[in-house]
Amino acid sequence: MLRHKLFFFGVIFYFIIYTFAISTSLFAEETEDNTDSTAKQPDEIVVTATRTPTSLEKVGGSSVSVVSDEDIKSKKQQHIEEVLKDVPGIDVVSNGGPGTRTSIFIRGADTKNVLVLIDGVMFNDPSSAGRSADIGNLTVDNVERIEVVRGSQSVLYGSNATAGVINIITKKGTGKPVITAGAEAGSYGTSRLYVGTRGKTGALNYSINLSRTEIEGFSTANDRNEDIAHAGNTDEKDGWQNLNISASLGYTFSKDFDISLIMRNIISRVEYDDMGPGYAGDRFDGYPPVANPTGQKDRHKEQQQGFYTLKVHNFFMDGTLESNLSYNISSHLREMYDQDNEKTDTYQGDTTEMTWQGTLFLGNTQEITLGAGLFNESILKKDVSGGVSSTAIDKSASISSVWLQDRTTLMNDSLIIVIGARNDSHDTFGTATTWRVAPSYKISNTGTLLKMSSGTGFQSPSLFELYSSYGNEDLEASDSRTSDIGFEQHLDKGRHQFGLTLFTSEFDNRIMYEPATSKYGNVKGTTKTSGWEAFYSTRIGKSTQLSLDHVHTETEDPDGNPLVRRPKDKSVLKGKTTIDGKANISFSLYNVGTRDAYAGAKDKNGNTVDKLDAYVLLNLAGSYKIKDNMEIYGRIDNLSDTYYEECWSYATPGRSYYLGVKASFK
């Protein structure tokens, strides 16, 4: 662990010196060039923080991070989970290789407290245990940007948004039509092909993309972990196939009226391993489970996911009133197969949502937003035995909601106050009212931004938690409170930025699986998370950016025990630079602290495993334009071939190499 820390801080020291050296030389170049590279950039517009298009500088006290298209391109990663690892306050945990179950934690809260959206459509699966989001199959194809809002967002987004919201936004067609195609290959038998087109023709804009990824993979059970049994029981490769189809179509009838249709379909197949006496292996038989390295090993999951939204957007009263009407659909179909390639279960989770939101603009200083929605979710689970299926769960639930938000700008845009309230009416759990306030104050003379937010959340039990064989129909809804306060400092016209945010959250009646009863139950008492997020970023000349983030998180259940798989400390050092307008280089260096393993984790000798080791991970990426319309690119993940686990006994990639080519045609 000490070696890892020394390595991490050594790299930081090196890049501080590197930053200083380049800053000095580039400052001289800029002076000669007479160009003001520090001129203020156009305000970035985000939609998730206030549910209306708003300048990032005017969202109030919300803690917002944006992963831009440029950020995604510079990393050359193909999976959403890898991109999100750079975002402060987010921890991503995968149960094995690509395509396996991948969970998100925001500020230490449970994964079920995180709402993931695709263009405003709920990605969380209503047939999963906690209505949580498994992002293992999400790729960056056709993604324009990702907006992350930390802290309770229940006022705007209802249940499952009690810790934060992640909104993945699809590219829209602009400019002249262009066709893009590419191919990529690399370690673990990876091959990827993709093609897309986007543009605008008259009143019609469009963006369509198709990608196919296939990975032979590696054993989900970690063959590098010497504390679990091997003997041929961790050598079978677990592969992943993924077909991703996405499209965005829009038509503008006039400056006051447009409609859009956005869809994304994902078809996937992933192979995975058994869980044995406290650790993973290729195959276990019997009870107590015994490794069977010679048996058939065909355990896998086949999945189809679809997300669709139709939006009608209008302005009335000379632009004073903005209206957004949307109809959203999501569908998750999971088919589970055992080691003998026999289907055992199917899960169908569906949601539909109709929402209307109107925003009244009162001059340049006030926006009043009123919204209403009707949300329906359903689960259909079938047990399959000998090829014959029987219905185990067939349930649904509905929530009707109304929300009101006011965003007021005062004192020449220095003071922004966002305040809102929501009422949810659940057909089983009655009504719940939530509120949120998020003010900010900017001291223009010093470039200082002071901000805070505080709000409450409401989360109903999932249909699985209520009605499965582990379900409990006596469950109560969970309540939460989150708060944060902090500052951001901008220096030298925004060239240097740093800030600090303190946060705290409390969750009452948290729903958890109880091994003693083999049922879900409400945890009596309050579960708490708290900590701080700090960041520093700098621009060096016109082409280089560096940033350093550190997050410290404390978690505690009502008995005083920390929550599993959440690191207390996590640091991310990242940078990117452009050379001669043709070459791009980027890196991400992660220092992740120790985490508590899950309660049942044991080694091959039956000893309890309490902790997962800290680790340092370095990823590199680069690209070069060989023609105006063609580039080659590559990346090296886990450059130092670090051994680490995000979940006890589940493997992670070692040093791996990827090379691709991308071309565009107009």
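The values are calculated or read from the model by the stated rules, or taken from the named source; none is laboratory data. Note that the structure is predicted; figures quoted are calculated from it, not measured. As a convention, Cβ positions derive from the backbone with ideal geometry for all residues, glycine included, and neighbour counts pool all protein chains shown. Only protein heavy atoms, including side chains, enter the accessible area calculation; ligands, DNA and RNA are left aside. Shrake-Rupley method; radii C 1.70, N 1.55, O 1.52, S 1.80 Å.
What list of ³J(HN,Hα) values in whole Hz, one per residue of the stretch 354-370 in order, does the Karplus curve 6.51 cos²θ - 1.76 cosθ + 1.60 (θ = phi - 60°) give from phi, with Gly and Pro shown as x?
Listing the rounded values in order: 10, 9, 10, 9, x, 10, 9, 9, 9, x, 9, 10, 8, 10, 10, 10, 10 Hz.
On average, how much accessible surface per residue is there in the chain, in Å², for a 1.4 Å probe, leaving out ligands, DNA and RNA? Write out the running numbers ahead of the final one.
Values: 28670 Å² over 666 residues.
Solvent-accessible surface per residue comes out at 43 Å².
Report ³J(HN,Hα) in whole Hz for each residue of the stretch 53-63, in order, from the Karplus equation J = 6.51 cos²θ - 1.76 cosθ + 1.60 where θ = phi - 60°; Gly and Pro get x.
x, 9, 4, 4, 6, 10, 7, x, x, 5, 8
In whole percent, what relative contact order does the chain give with Cα contacts below 8 Å and a gap of six or more residues?
Numbers: 1873 pairs, mean separation 83.8, N = 666.
For the chain, the relative contact order is 13 percent.
Between their Cα atoms, which of Lys73/Lys666; Lys112/Lys311; Lys451/Lys570 are more than 29 Å away from each other?
Working: Lys73/Lys666 20 Å; Lys112/Lys311 27 Å; Lys451/Lys570 23 Å.
Too far apart for the 29 Å limit: no listed pair.
Sorted by mean Cβ packing within 10 Å, highest first, what order do the peptides 261-267, 123-129 take? Mind showing how you got there, number by number?
Values: 261-267: 19.9, 123-129: 23.0.
Ranking the peptides 261-267, 123-129 by packing returns 123-129, 261-267.
What FRET efficiency do you get for Asp235 and Ser68 if R0 is 51 Å and r is their Cβ-Cβ distance, rounded to the nearest 0.05? All intermediate terms of the calculation are to be shown ahead of the outcome.
Working: r = 41 Å, r/R0 = 0.80.
Step by step, r from the Cβ atoms, then E = 0.80.
Over the chain, what percent of the accessible surface lies on carbon and sulfur atoms, probe 1.4 Å? If you can, show how the numbers build up before the last one.
Details: 16380 of 28670 Å².
Of all accessible area on the chain, carbon and sulfur atoms account for 57 percent.
On a 1.4 Å probe surface of the protein chains, which of His552, His332 comes out largest in accessible area, and what is the full order? Show your work: numbers first, answer last.
Details: His552 35, His332 5 Å².
Sorted descending by solvent-accessible area, the residues read His552, His332.
Quick one: in the stretch 516-593, what % of C-alpha pairs are over 14 Å apart?
Numbers: 2165 of 3003 pairs.
Distances greater than 14 Å cover 72 percent of the Cα pairs.
Amide H neighbours of Glu514 under 5 Å, at least 5 residues apart or on other chains, H built in the peptide plane: list them.
Lys519, Tyr520, Gly521
What FRET efficiency comes out for the pair Ile443/Ile368, r = Cβ-Cβ distance, R0 = 25 Å, nearest 0.05? Please report the intermediate quantities before stating the final value.
Details: r = 27 Å, r/R0 = 1.08.
Once the sixth-power term is evaluated, E becomes 0.40.
Counting pairs of alpha carbon atoms under 8 Å apart in space and at least six apart in sequence, what relative contact order in percent does the stretch 44-192 give? Numbers along the way, then the final one.
On the way: 260 pairs, mean separation 34.2, N = 149.
In percent, rounded to a whole number, it is 23.
Out of residues 5 or more away from Phe123 or on other chains, whose amide H comes under 5 Å of its own, with H placed 1.01 Å from N in the peptide plane?
So Phe123 has HN proximity to Val116, Leu117, Ile118.
Let me make sure I get this right: for the stretch 300-394, a, b and c are the square roots of the gyration tensor eigenvalues over alpha carbons, sorted descending. Under 1.5 in a/c it's rounded, otherwise prolate if a/b > b/c, else oblate. Which is it? Please report the intermediate quantities before stating the final value.
Working: a/c = 5.07, a/b = 3.90, b/c = 1.30.
Prolate, since a/c reaches 1.5 and a/b exceeds b/c.
Want the number for Arg655 to Phe361: 0.36 nm per residue separation, take away the alpha-carbon distance, what's left? Could the numbers behind the result be given before it?
Numbers: separation 294, 0.36 × 294 = 105.84 nm, distance 5.31 nm.
Value of the extension gain: 100.5 nm.
Compute the Cα gyration tensor for the chain, then decide on rounded, prolate or oblate, letting a ≥ b ≥ c be the square roots of its eigenvalues: rounded whenever a/c is under 1.5, prolate when a/b is larger than b/c in the other cases, and oblate in all that remain.
Rounded shape, in that the Cα axes give a/c under 1.5.
Hey, quick one: spin label on Ser425, modelled 7 Å out along Cα-Cβ, who in the stretch 333-366 has an amide N within reach, i.e. under 17 Å?
Only 354-356 pass the distance filter.
Computed FRET efficiency, Cβ-Cβ of Ser191 and Ser55, R0 45 Å: what is it to the nearest 0.05?
Values: r = 42 Å, r/R0 = 0.93.
Given R0 = 45 Å and the Cβ-Cβ separation, E is 0.60.
Give a residue-ordered list of calculated ³J(HN,Hα) values for the stretch 145-153 (Karplus: 6.51 cos²θ - 1.76 cosθ + 1.60, θ = phi - 60°; whole Hz; x for Gly, Pro).
Along the stretch 145-153, the couplings run 6, 10, 9, 10, 10, 9, x, 4, 10 Hz.
Helix-only estimate, please: 222 nm mean residue ellipticity of the chain, summing -39500 (n - 2.57) across DSSP H runs of length 4 or more and dividing by its residues, to the nearest 500.
Details: 5 runs with 53 residues, N = 666.
Helix-only estimate at 222 nm: -2500 deg cm²/dmol.
Report the Cα centroid-to-centroid distance between the stretch 71-91 and the stretch 385-447 in angstrom, as an integer.
25
Under 8 Å for C-alpha pairs, at least 6 residues apart: give me the relative contact order for the stretch 417-512, rounded to a whole percent. Before the final figure, lay out the partial values.
On the way: 181 pairs, mean separation 21.0, N = 96.
Taking the mean separation of contacting Cα pairs over the length of the stretch 417-512, I get 22 percent.
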